[in-house]
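Let me begin by presenting the structure, written as structure tokens, before commenting on it.
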Amino acid sequence: MSFLDRRLFDLEAYEARARLGPCFVCAFLAGEPDYEHELVYEDADHVAFLDRWPTLPGKVLVAPKAHVEDVVSGFSEDGYLRMMRAVRRVALAVEEVLAPERVYLLSLGSRLGNPHVHWHVAALPPGVPYEQQQFHALMAEHGVADVTPTETARIATELRRRLA
Ligand SMILES: [Zn+2]
């Protein structure tokens, strides 16, 4: 698999799911069918799991278990620092497993869709041309990574091993 292997992504269906469906993090934690994710890390207050539609192979989402909507003010100072400690820990494991050119960290979402705080930990593979890096690499408008289920399972296993 090369970094350029991308497949088209149904953005309309995704937007409907994000805006009209239940909170995807809370639904995952509640074990709701159709919201399963590959869990790679868990502590008392946080979970990390593979993005189901990763724009880059092995993209991980790190979220608080509590339904917090504001990425900074939604946390106490201590809670924010613990959240970031979980993000750092996951990002270091991602660096070890995927040996990327760069790890991107970002928190997006909106009150209109995917409001539950989650940090994206996205590994830019080595060799991606400069003009296809950064936002280009992260936009589902350019398709999502065509990662086989076998490769996804391998990445998840490696991440879990390092995060255990
Ligand atoms: Zn939630």
With a 10 Å radius around each residue's Cβ, average the other Cβ atoms per peptide and rank 106-114, 142-150, 51-59, highest first. 51-59, 142-150, 106-114
For residue 6, which sequence-distant residues (separation of 5 or more, or a different chain) have an amide H within less than 5 Å of its own amide H, given hydrogens modelled in the peptide plane? 146
Size of the chain along its principal axes in angstrom, Cα-based, largest extent first? 40, 35, 29
Could you derive backbone 3J(HN,Hα) for the stretch 116-121 from the dihedral phi with the Karplus parameters 6.51, -1.76 and 1.60 (θ = phi - 60°), listing whole Hz in sequence and x where the residue is Gly or Pro? 5, 3, 8, 9, 8, 10
What accessible area per residue comes out for the chain, rounded to a whole number of Å², with a 1.4 Å probe? 55 Å²
Solvent-accessible area of residue 70, probe 1.4 Å, all protein chains present, reported in Å² to the nearest ten, please. 60 Å²
What number comes out for the charge environment of residue 22, summing +1 per Lys or Arg and -1 per Asp or Glu over other residues with Cβ under 13 Å away? 0
Kindly report, to the nearest 10 Å², the accessible surface of residue 15 as traced by a 1.4 Å probe over protein heavy atoms only. 100 Å²
Taking the Cα centre as origin and putting +1 on Lys and Arg beta-carbons and -1 on Asp and Glu beta-carbons, what dipole magnitude results for the chain, to the nearest 20 debye? 280 debye
How large a share of the accessible area of the chain, in percent, is made up of carbon and sulfur atoms when the probe is 1.4 Å and the other protein chains stay in place? 53 percent
HN-Hα couplings for the stretch 36-42 via Karplus (6.51, -1.76, 1.60; θ = phi - 60°), in whole Hz with x for Gly/Pro, come out as 5, 9, 7, 6, 10, 7, 8
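The values are calculated or read from the model by the stated rules, or taken from the named source; none is laboratory data. All values reported here derive from a predicted model rather than from experimental measurement. Note: ideal-geometry Cβ built from the backbone for every residue, glycine included; neighbour counts use all protein chains shown. Accessible surface is based on the protein model in full, side chains and every heavy atom, while ligands, DNA and RNA are left aside. Shrake-Rupley method; radii C 1.70, N 1.55, O 1.52, S 1.80 Å.
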